[in-house]
Amino acid sequence: MKHTGAWILLESLKREGVDVLFGYPGGAVIDIYDELSRHPEIRHVLARHEQGAVHAADGYARASGRTGACLVTSGPGATNTVTGIATAYCDSIPLVVLTGQVPTALIGNDAFQEVDIVGITRPCTKHNFLVKDVNRLAMTIRRAFYLARSGRPGPVLVDLPKDIVQTTAEFVWPEEIGMRSYNPTYKPHINQLRRTVEELARASRPVFLTGGGVIMSNAASELTSLARRLQVPVTGSLMGLGSFPATDPLWLGMVGMHGTYAANMAINHADLLVCVGARFDDRVTGKISAFAPGARIVHIDIDPASIRKNVQVDVPVVGDCRLSLQGMREICDAKFAGEDWAAKHAGWLDSVRNWKNGKPLAYRKNGNIKPQRVVEALFELTGGEAIVATEVGQHQMWTAQFYAFTRPRTLLTSGGLGTMGYGFPAAIGAQLAFPDKKVIVVAGDGSIQMNIQELATAVANRLPVKVIILNNRCLGMVRQWQELFYRNNRFETNMEVQPNFVKLAEAYGAEGYRISGEEDLCPVLKKALASPAAAFVDVMVEREENVAPIVPAGAALDEMLLL
């Protein structure tokens, strides 16, 4: 029996386990939407902007560990997805983005709403496809999902000409999938694992540095178990937060430009750095030539192209993070069963403890509401059990510093691209993945306005997402840099003209709250968090507050400004 390309597409999505599809209809995909109305197994969530649809699919993927999916039309619908695709690409998030395209006969003729989205997205996708034959559509979808979630995950785009989704063909589902030119290495080489364990046995000042790869490979429990067994302190990149419990005494906090004093000092004084699933980006390393100057470096990553890309390493380990950590634990247990690692590292752990106690994360308290205090209050009121999404800016760093993430997949944030407007739609995706969990967005008054229209999506789908706006009436992070490094020339960062967020929320059918004094902070937050409705909480915070510590651009990690 023959089926239309639209039917084949949707049947393929169901077989790949897609139960939620984010999207926005248009002429090039109207046949798919017509067919979708007869497939109730797939819940379609209508975003209010295509960028919001991709970010929502991204948030769904990060929170659930599954592959996110979205569907948009051709031309501007497709180009509006690019920021979301690039966000997912930089953070290695598995997505399949389906875009409509003009009929194949019109491609290249400047047809209405035609754009070469395959060419546009080639630099920011793991792979992309232009489907030219309906008989290959099912195989293409199969390959797209396989590529998106395997190896180092990432976004894959499938461009669907209108005539392809209208044409009929037999549906043949490929049960097996294989690509000769693509064979990611999952199992690490045993000799490299042995070398890593030998390095750990020799080291007196070791540190684990964790990244998003630990979370993507579901390796948090293996990392935690190994670090506790070896009594090795752990730090993490922004993307690695939640891979190790922040309440554990071995946790140093985030490393890098806005990392903790203890984490940056530990990296600077370590004699061995074992990096697991991180890529040594510039926000982590600071000045490359001064990064971990006395340490031998082990780098574990499933992507061989990431190893030695930014930092020279002594022991490269190509493989899945979870399998690598499991292998290391087995070698340690077999070869060093009687080793007293706590005694071996006692002096080092004392040094780490002194750094943590000597310059803990702190802020000056006065009559105004401090943004750090808001984040602390959120942690206290949720017990760390919420999924927290952030926008990008000062509030993002305060969340990383003052919310103690204890489990993986509970922080959703744009790390590599730094996309303002990411957090709110990502939270919507996470709430759809986990309807019974508390999902909170920590936002700034600038970044929340980037995709504020998605409040309609939350209300329409009865999603109780809570948006906490740390309102300092400016673009805070840029203002901070202007103050510190540009002679306090505060040009074009004033955001005094802004909507009344309380009334705006109410206009969309959500709840709105405002907090102007410290005495109202916990009572109002508690009330908002208990509500079954979507809500904006506008918190008027100290305008001049800066994120500290800060490592200036081009400086070494131990050259922090503590402000």
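Things worth noting here:
- Filter result for the condition that a residue is of a type in the set (A, V, I, L, M, F, W, C), assigned to a helix (DSSP H, G or I), assigned by TED's automatic domain parsing to the domain that holds F379 and more than 24 Å from V551 (Cα to Cα), over L455, L463: L455
- When the test is whether a residue is in contact (Cβ under 8 Å) with a residue 40 or more places away in the chain, touching a Gly at 6+ places or on another chain (Cβ under 9 Å), under 15 Å from V158 (Cβ atoms) and part of a helix (DSSP H, G or I), L137 passes it.
- Whichever residue in region 62-104 is in a loop (DSSP other than H, G, I, E, B) and either among the small types (G, A, S) or in the same structural domain as R279 (by TED's automatic domain parsing) (or both) and, among such residues, is nearest to Y33 (Cα to Cα): S74
- The residue pairs whose first member lies in region 519-535 and is assigned by TED's automatic domain parsing to the domain that holds V375 and under 21 Å from E454 (Cα atoms), whose second member is assigned to a helix (DSSP H, G or I) and not polar (S, T, N, Q), and whose beta carbons are closer than 7 Å, counting only pairs six or more residues apart or on different chains, are L529/L381; A534/L455; A534/A458; A534/V459; A535/A505; A535/A528.
- A single member of V537, V502 is at pLDDT 95 or above, of a type in the set (A, V, I, L, M, F, W, C), assigned to a helix (DSSP H, G or I) and surrounded by 14 or more Cβ atoms within 10 Å (Cβ to Cβ), and it is V502.
- Candidates Q113, Q192, Q101, filtered to the one that is in contact with a Ser or Thr (Cβ under 9 Å, 6 or more places away or on another chain), on the phi > 0 side of the Ramachandran plot and either touching a residue at least 40 places away in the same chain (Cβ under 8 Å) or surrounded by fewer than 22 Cβ atoms within 10 Å (Cβ to Cβ) (or both): Q113
- When the residues of region 333-356 are filtered to those that are acidic (D, E) and not in a helix (DSSP H, G or I), the one that is surrounded by the fewest Cβ atoms within 10 Å (Cβ to Cβ) is D340.
- Look at (1) under 21 Å from P174 (Cα atoms); (2) surrounded by fewer than 21 Cβ atoms within 10 Å (Cβ to Cβ); (3) of a type in the set (A, V, I, L, M, F, W, C) and you find that L10 fails only one, number (2).
- Residues that are under 17 Å from G84 (Cα atoms), in contact with a Pro (Cβ under 8 Å, 6 or more places away or on another chain) and touching a residue at least 24 places away in the same chain (Cβ under 8 Å) do occur in region 437-451, at least one of them.
- Selection from region 26-47 of residues that are out of contact with any strand residue (DSSP E or B) (no Cβ under 8 Å at 6 or more places or on another chain) and outside any helix (DSSP H, G or I): S37, R38, H39, P40, E41
- Single condition R142 does not satisfy, out of (1) surrounded by fewer than 22 Cβ atoms within 10 Å (Cβ to Cβ); (2) farther than 16 Å from Y182 by Cβ: (2)
- Residue match in region 292-300 (condition: closer than 25 Å to T410 by Cβ, out of contact with any Phe, Trp or Tyr (no Cβ under 6 Å at 6 or more places or on another chain), buried (at least 20 other Cβ atoms within 10 Å of the Cβ) and outside the structural domain of K466 (by TED's automatic domain parsing)): yes
The values are calculated or read from the model by the stated rules, or taken from the named source; none is laboratory data. Keep in mind that what you see is a predicted model, and the values were worked out from it rather than measured. As a convention, Cβ positions derive from the backbone with ideal geometry for all residues, glycine included, and neighbour counts pool all protein chains shown.
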